[in-house]
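Chemist: Dumping the structure here so I can ask a few things about it.
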Amino acid sequence: MTLGKLVLLRALAPSDAESLWRWNNDPDVVRWMDAYYDQNLDGVRKRLEERGPNSYGDTLYGIEVREDGTLIGLVRLRDAKPETGRAELDIYVGEKDRWGCGYATDALRTMCRYGFDSMRLHKISLTVVTENHAAHHVYRKVGFVEEGRLRQGFHRDGRWYDQYTMGMLKGELR
Ligand SMILES: CC(C)(COP(=O)(O)OP(=O)(O)OC[C@H]1O[C@@H](n2cnc3c(N)ncnc32)[C@H](O)[C@@H]1OP(=O)(O)O)[C@@H](O)C(=O)NCCC(=O)NCCS
């Protein structure tokens, strides 16, 4: 478990399946997300049961609001390798009524601090659709900078969208 100001990051349990399943099937939540698959509730529960404990290469945490203990989303550092010092970050807040409360900002800061301090990472990278303005704003706010533009890297509802690749180096977290 890792503590932020507003949220705490904790391991997931099979009993979290209902929340994940609901978020995965909410078009507003998955609008700009790559790994969208329409899974049934039993499938999500099975995936959580079969998932081993977090490892250096794959750290997945649930985002829980400290004030009331509600699970509101997920954050993940994946593909971390000690020899490269790099990892990829994903985040989403699935409880829409909790958007705009500062929770993603705090979860990002907490996860990046964990990556740089505990995992000794040198760099954290991510990809975001250029039109996902809320996510792009939050990433910039905590210190990620654009490093490139992937032309038409994302397809949704018959349209292609560009993506930014963004990165943050150790010492750049704000
Ligand atoms: C993007 C997301 C993670 C933000 O979560 P959140 O908890 O609402 O974020 P915060 O409350 O910490 O911060 C939101 C910030 O975005 C800003 N914002 C909201 N909508 C915006 C928009 N359309 N354009 C620009 N900025 C916007 C808010 O003003 C706030 O900034 P501020 O603190 O400087 O005022 C959340 O909306 C989400 O999960 N969306 C769906 C999944 C997703 O897109 N994930 C990222 C995939 S790369």
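Chemist: If the Cβ limit is 6 Å and pairs must be 6+ apart or interchain, which residue in region 99-120 that is under 17 Å from Gly167 (Cα atoms) pairs with which residue that is more than 16 Å from the ligand (Cβ to nearest atom) and open to solvent by 60 Å² or more (accessible area, probe 1.4 Å)?
Modeler: Phe116/Lys170
Chemist: Moving to a separate point now. Kindly establish whether Gly167 is touching a residue at least 12 places away in the same chain (Cβ under 8 Å), farther than 24 Å from Arg22 by Cα and surrounded by 15 or more Cβ atoms within 10 Å (Cβ to Cβ).
Modeler: On the way: touching a residue at least 12 places away in the same chain (Cβ under 8 Å): yes; farther than 24 Å from Arg22 by Cα: yes; surrounded by 15 or more Cβ atoms within 10 Å (Cβ to Cβ): yes.
Answer is yes for this residue.
Chemist: Within region 122-161, work out how many residues are among the charged types (D, E, K, R) and near the ligand (Cβ under 10 Å from one of its atoms).
Modeler: The number of residues fulfilling the criteria is 3.
Chemist: Among (1) open to solvent by less than 60 Å² (accessible area, probe 1.4 Å); (2) within 15 Å of the ligand (Cβ to nearest atom); (3) within 25 Å of Gly57 (Cα to Cα), where does Met119 come up short?
Modeler: Only one criterion is unmet by Met119, namely (2).
Chemist: Turning to a different aspect of this structure: Looking at region 93-104 only, could you name the residues that are near the ligand (Cβ under 8 Å from one of its atoms) and crowded, with 19+ Cβ neighbours inside 10 Å?
Modeler: Hits for region 93-104 are Val93, Gly94, Tyr103, Ala104.
Chemist: Report, by residue number, each residue of region 124-160 that is more than 22 Å from Gly102 (Cα to Cα), in contact (Cβ under 8 Å) with a residue 12 or more places away in the chain and in contact with an Asp or Glu (Cβ under 6 Å, 6 or more places away or on another chain).
Modeler: Arg149
Chemist: Restricting attention to region 58-82, which residues are more than 15 Å from the ligand (Cβ to nearest atom) and within 12 Å of Leu121 (Cβ to Cβ)?
Modeler: If the condition is that a residue be more than 15 Å from the ligand (Cβ to nearest atom) and within 12 Å of Leu121 (Cβ to Cβ), then Thr59, Asp79, Ala80, Lys81, Pro82 are the ones that fit.
The values are calculated or read from the model by the stated rules, or taken from the named source; none is laboratory data. A quick note: this is a predicted structure, and the numbers were derived from the prediction, not measured. Please note: Cβ atoms are built from the backbone with ideal geometry, for glycine as well, and neighbour counts cover all protein chains shown. With ligands, DNA and RNA removed, areas are computed over all heavy atoms of the protein, side chains included. Shrake-Rupley method; radii C 1.70, N 1.55, O 1.52, S 1.80 Å.
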